[in-house]
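Trainee: Quick one: the structure is below, and I'll ask about it shortly.
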Amino acid sequence: LQRISKLLVFHRAEPPHCLSHIQHHVWNPHHGQVLHGVQVLLHTEARLNGVTLVLHTKPGFYVFGTPQGVKKIFFNLIFNAMQACEKKGGVVEIETSEKDDMVEVSIVDSGPGLPQTNPDDLFEPYYTTKPDGVGLGLTIVKENLINMNGSISASNQPEGGAKFTITMPRAEINNEYE
């Protein structure tokens, strides 16, 4: 029970009021630094399971959001991608890009891909494909992104594996935030 409580606290969605005063919640670290930090956290787990994490990041992206909220999003998605690969080893690739005024982050794994269902079902509470899964991780990821005026989508890759694409509004940085 204590383990479940810790899990739920870590994965809890950031409350919307945390982002209401945007000027106090511009997150300064570059996505590359955030993703590198998550990669460091997951490095041992990846190595033990024969999964390679590959980052293709471009520096200079800032987003609105709390540091903890942004880390939770990436940690959950990258960890899920690693779990999809771990039975056979594999690769998880993370790539950042910019489209208009949005930052886009794609997480692609070489696992078996998504189940043959509506991809939006993955984000419903208690939906899980894992025998020991709770089915809250992707729901919380989506809620955090909605609170940041972002979005998430999921699809299967033609060559196999799954792809999750996150979009978040890019924050303009000026001296007030630095």
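The values are calculated or read from the model by the stated rules, or taken from the named source; none is laboratory data. Note that the structure is a prediction, hence the values are computed from the model and not measured. Quick reminder, even Gly has a Cβ in these numbers, built from the backbone with ideal geometry, and neighbours come from all protein chains shown. For the accessible areas, the whole protein counts, side chains as well, though only heavy atoms, and no ligand, DNA or RNA atoms are used. Shrake-Rupley method; radii C 1.70, N 1.55, O 1.52, S 1.80 Å.
Trainee: Among the residues of the range 99-112, is there at least one that is in a helix (DSSP H, G or I), modelled with pLDDT of 85 or more and either aromatic (Phe, Trp, Tyr) or under 22 Å from Gly69 (Cβ atoms) (or both)?
Mentor: First pass over the range 99-112, keeping only residues in a helix (DSSP H, G or I): none.
No: the range 99-112 contains no residue that is in a helix (DSSP H, G or I), modelled with pLDDT of 85 or more and either aromatic (Phe, Trp, Tyr) or under 22 Å from Gly69 (Cβ atoms) (or both).
Trainee: Related question: Only one residue in Val26, Val92, Val54 is out of contact with any Leu (no Cβ under 7 Å at 6 or more places or on another chain) and modelled with pLDDT of 85 or more. Which one?
Mentor: On the way: Val26 fails: modelled with pLDDT of 85 or more; Val92 fails: out of contact with any Leu (no Cβ under 7 Å at 6 or more places or on another chain).
None of the others qualify; the one that does is Val54.
Listed here are the residues, each with its yes/no results for (1) open to solvent by 30 Å² or more (accessible area, probe 1.4 Å); (2) not hydrophobic (A, V, I, L, M, F, W, C); (3) not in a loop (DSSP other than H, G, I, E, B).
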position: Gly135; (1), (2), (3): no, yes, no
position: Val141; (1), (2), (3): no, no, yes
position: Glu159; (1), (2), (3): yes, yes, no
position: Thr165; (1), (2), (3): no, yes, yes
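Trainee: Evaluate the following for Phe123: is it at pLDDT below 90 and closer than 21 Å to Leu55 by Cβ?
Mentor: Values: at pLDDT below 90: yes; closer than 21 Å to Leu55 by Cβ: no.
No, not satisfied.
Trainee: So is Glu93 of a type in the set (D, E, K, R), within 24 Å of Leu41 (Cα to Cα), open to solvent by 50 Å² or more (accessible area, probe 1.4 Å) and part of a helix (DSSP H, G or I) or not?
Mentor: Numbers: of a type in the set (D, E, K, R): yes; within 24 Å of Leu41 (Cα to Cα): yes; open to solvent by 50 Å² or more (accessible area, probe 1.4 Å): yes; part of a helix (DSSP H, G or I): no.
No, not satisfied.
Trainee: Sort through Phe75, Phe64 and tell me the only one that's open to solvent by 40 Å² or more (accessible area, probe 1.4 Å) and over 17 Å from Ala171 (Cβ atoms). Can you show your working first?
Mentor: Values: Phe64 fails: over 17 Å from Ala171 (Cβ atoms).
Answer to the selection: Phe75.
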